[in-house]
Amino acid sequence: MRIAVLALGGNALARAGEPATVANQFRHARESVAPIVELARDGWGIAIVHGNGPQVGDELVRNEVAQGEVEPLPLGVLVAETAGWIGYMLQQSLQNGLRRAGVERPVVTLVTQTLVSADDPALARPTKPIGHALAPDRVAKLRAAGVPLTQDGRGQWRRVAGSPMPRAIVEADVMRRLVRDGVIVIAGGGGGPPVYADPVLGLEGVDAVVDKDRVAAIVARELDAEALVILTDVDAVYEGWGTEHARPIRTLTLEGVDELLERGALDEGGMKPKVQAAASFVRAGGARAVIARLADGPSALRGETGTTIVRES
């Protein structure tokens, strides 16, 4: 069975400029699964890794609003929580989409833990934006409370969290068996709740948010996937992004990736981490990685659109 690992951003469900209600997110979940149903019909083994940036930020707001009534939940627990309910939305939407298409494939959500290093310096240096853009009065209140903030590429203030480098997926064996049995698996949700291995206690949680594209690259390696497909809101990697001379790059070798990174040609908070994650999968022996718009997933796998990253020409 050919296996594809799909990385789906949390913004695919919680769109900018509209309220992140459950109804809106369910609607976008139903819209987002159409290309996944097409891949299932074509016989692909599928694992899905989704982001949770907007959603975990909303959970932190719920923490603050309710803190006088119930104990706030730590960030690592909130990552696990969002992995569960976003997975539920995608799982149900996929089940309904497969049924309508006449495709018989089981779907399951696994809350998988992501192994990190307890001494990863990123844990003490929050840089990963989470949540929605903040209003000025909210920025002042969070600053006064000591909450770390940063300005994103659009100049909007956002919360930030530590984002350690993922090293392994604790439940990789379970995930592998399910995918090879034809089950569509949703795993690594929100990058997976991060944990470290304590020599006495065993696994212990960490309050951080791991990059879901890097986790998807590890999932793809663990599954011996043919392709890692990072689905985003842009149709390809662009040369000269943001200029009048911008052009899509249809094929990138690892040498070409290195050249783009050395030139600083990729947006730090946008395409750069996606290209790095995609290239890491190919460097580790993966056949190809694809970066494409969500709706173009199947055609991008056929090489008709998106950007395909390969070892060499």
task = Could you state the accessible area per residue of the range 216-313 in Å², with a 1.4 Å probe and every protein chain left in place?
result = 46
key: Sequence of Glu18, Glu59 from largest to smallest accessible area, 1.4 Å probe   = Glu18, Glu59
query = If you take the square roots of the eigenvalues of the alpha-carbon gyration tensor of the chain and sort them as a ≥ b ≥ c, do you get rounded (a/c under 1.5), prolate (a/b over b/c) or oblate?
reply = rounded
request  = Order the peptides 135-146, 82-93, 31-42 from the highest to the lowest mean number of other Cβ atoms within 10 Å of their residues.
outcome  = 82-93, 31-42, 135-146
inquiry  = Contact order normalised by length for the chain, with contacts defined as Cα pairs under 8 Å and 6 or more residues apart; what percent is it?
reply    = 22
ask   = Which of the peptides 278-287, 248-257, 204-213 is most tightly packed, and how do the rest follow, going by the mean number of other Cβ atoms within 10 Å of each residue?
value = 204-213, 278-287, 248-257
Under-5 Å amide H pairs with Val237, H placed in peptide plane, nonlocal only = Ile249, Thr307
For the range 9-26, 3J(HN,Hα) per residue [Karplus equation, 6.51 cos²θ - 1.76 cosθ + 1.60, θ = phi - 60°, Hz, x = Gly/Pro] = x, x, 5, 5, 9, 9, 7, 5, x, 9, x, 8, 6, 4, 4, 5, 5, 5
ask   = Which three extents, in whole angstrom, do the alpha-carbon atoms of the range 234-313 cover along their principal axes, largest first?
value = 30, 27, 23
query = When the C-alpha atoms of the range 155-282 are aligned to their principal axes, what extent does each axis show, in angstrom, from largest down?
reply = 55, 38, 24
remark   = With every protein chain in place, the accessible area of His245 for a 1.4 Å probe, in Å² rounded to the nearest 10, comes to 140
ask   = Taking +1 at the Cβ of each Lys and Arg and -1 at the Cβ of each Asp and Glu, which of Val107, Gly68, Ile3 sits farthest along the dipole of the range 1-115 towards its positive end, judged by Cα position relative to the Cα centre?
value = Ile3
query = Which value, in debye to the nearest 20, gives the size of the charge dipole of the range 35-128 about its Cα centre, when Lys and Arg are +1 and Asp and Glu are -1 at the Cβ?
reply = 440
Straight-distance crosslink candidates among lysines, where the alpha carbon sits under 17 Å from Lys272 and sequence neighbours closer than 8 are dropped = Lys128, Lys212
note = Note, the range 120-134: 3J(HN,Hα) by Karplus (6.51, -1.76, 1.60, θ = phi - 60°), whole Hz, Gly/Pro = x, goes 4, x, 5, 5, 9, 9, x, 9, 8, x, 9, x, 8, 4, 9
inquiry  = Amide H of Ile186 versus every other amide H placed in the peptide plane: which residues, excluding those fewer than 5 positions away on the same chain, fall under 5 Å?
reply    = Ile48, Val108, Thr109, Leu110
ask   = Residue by residue through the range 50-65, which ³J(HN,Hα) values in whole Hz follow from phi under the Karplus form 6.51 cos²θ - 1.76 cosθ + 1.60 (θ = phi - 60°), with glycine and proline marked x?
value = 10, x, 8, x, x, 5, 5, x, 5, 5, 5, 5, 4, 3, 5, 5
query = Reachable aspartates and glutamates from Lys141, Cα under 19 Å, same-chain residues fewer than 8 places away excluded?
reply = Asp58, Glu59, Glu64, Asp152
ask   = Charges only on Cβ, +1 for Lys and Arg, -1 for Asp and Glu: so what's the dipole of the chain about the Cα centre, in debye to the nearest 20?
value = 540
remark   = Correct semi-axes for the range 84-160, from √(5λ) of the alpha-carbon gyration tensor and rounded to whole Å with the largest first, are 37, 19, 10
ask   = Which far-off residues, 5 or more places away or on another chain, put their amide H under 5 Å from the one on Thr253, with H placed in the peptide plane?
value = Val310
key: Percent carbon-and-sulfur accessible area, the range 118-276, ignoring ligands, DNA and RNA, probe 1.4 Å   = 48
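Under a point-charge model restricted to the Cβ atoms of Lys and Arg (+1) and Asp and Glu (-1), what is the dipole moment magnitude of the range 187-313 relative to its Cα centre, in debye to the nearest 20?
Once rounded to the nearest 20, the dipole reads 300 debye.
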Options Phe281, Pro298, Ala265, ranked by Cα towards positive dipole end of the range 204-302, top entry (Cβ charges) = Pro298
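The values are calculated or read from the model by the stated rules, or taken from the named source; none is laboratory data. Just so you know, these numbers come straight off a predicted model, no measurement behind them. FYI the Cβ positions are ideal-geometry reconstructions off the backbone, even for glycines, and counts take in every protein chain you see. Keep in mind that these areas ignore ligands, DNA and RNA; they rest on the heavy atoms of the full protein, side chains included. Shrake-Rupley method; radii C 1.70, N 1.55, O 1.52, S 1.80 Å.
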